Amino acid sequence: MDEIDRAILRELQVDGRIPYAELGPKVGLSPSAARLRLQRLVDAKEVQVVGVTDPMAMGHRAMALLGLHVDGDPRAVADALARHDEVVYTVLTAGTFDLFVEVVCARPADLLDFVNDVVRAVEGVTAVENFPYFAIHTHRFLWHTD
């Protein structure tokens, strides 16, 4: 990734819907060259251009971070849980927990059902600690591109 690619990313972080006619000149390229550069980054899976929502603002009233203790390979547990729409992300970690799983559900009762009926049933899960969210205080997707 060179300086022009990083400049494209900086502009997209400000406005992910910027037209190529504006993007190109801002990063020192023609609009078509900017489109090709961005397409290369997307094709290489280095960048995704997506719309980001606040699940709580969208009507989901139960979010939580689950700390899991796993017996065996935590990647297998992460793969099993990632198949469920309620799972936003899974993180393999070291320390007290083997795996963190962020979950979004419509209602607190749905969160309880998901933890008890789905998460605890996955082979290898030995313990789950539930950290429910009261609100999303900071939600940032601005990564340093320097």
Across 108, 132, 25, the residue with the highest GNM fluctuation in the chain (Cα network, 10 Å cutoff) is 25
Helix axis angle, 31-43 relative to the chain longest principal axis, alpha carbon, degrees: 30
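Under unit Cβ charges (Lys, Arg +1; Asp, Glu -1), what dipole magnitude, rounded to 20 debye, does the chain have relative to its Cα centre? Write out the running numbers ahead of the final one.
On the way: 14 positive and 22 negative charges, 114 e Å.
Once rounded to the nearest 20, the dipole reads 540 debye.
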Longest principal axis of the chain (C-alpha) makes with the long axis of helix 3-14 (C-alpha) an angle, in degrees to the nearest 10, of 60
For region 3-43, I need the span (max minus min coordinate) of the C-alpha atoms along each principal axis, in Å, sorted largest to smallest. 21, 19, 18
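Quick one, what does Rg over Rh come out to for region 62-132 if you take C-alpha atoms and the Kirkwood Rh? Kindly include the intermediate steps, with their values, before the conclusion.
Numbers: Rg = 10.8 Å, Rh = 11.7 Å.
Expressed as Rg/Rh, it is 0.92.
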Expected 222 nm ellipticity per residue - DSSP helices of 4 or more, -39500 (n - 2.57), all of the chain, to 500: -9500 deg cm²/dmol
Cα pair distances exceeding 27 angstrom across the chain, given as percent: 42
Mean Cβ neighbour count within 10 Å, used as a protection proxy, ranking 49-61, 85-97 highest first: 85-97, 49-61
Quick one: length gained pulling residue 120 to residue 26 fully straight, 0.36 nm per residue minus the C-alpha distance? 28.8 nm
Taking the Cα-to-Cβ direction at residue 89 and at residue 39 and moving 7 Å from each Cα, how far apart do the two end points lie in nm? 2.9
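Values in this text are rule-based calculations from the coordinates and carry no lab data. Keep in mind the model is a prediction, meaning the values are calculated, not measured. Methodologically, a virtual Cβ is constructed for each residue, glycine included, from the backbone with ideal geometry; neighbour enumeration extends over all protein chains shown.
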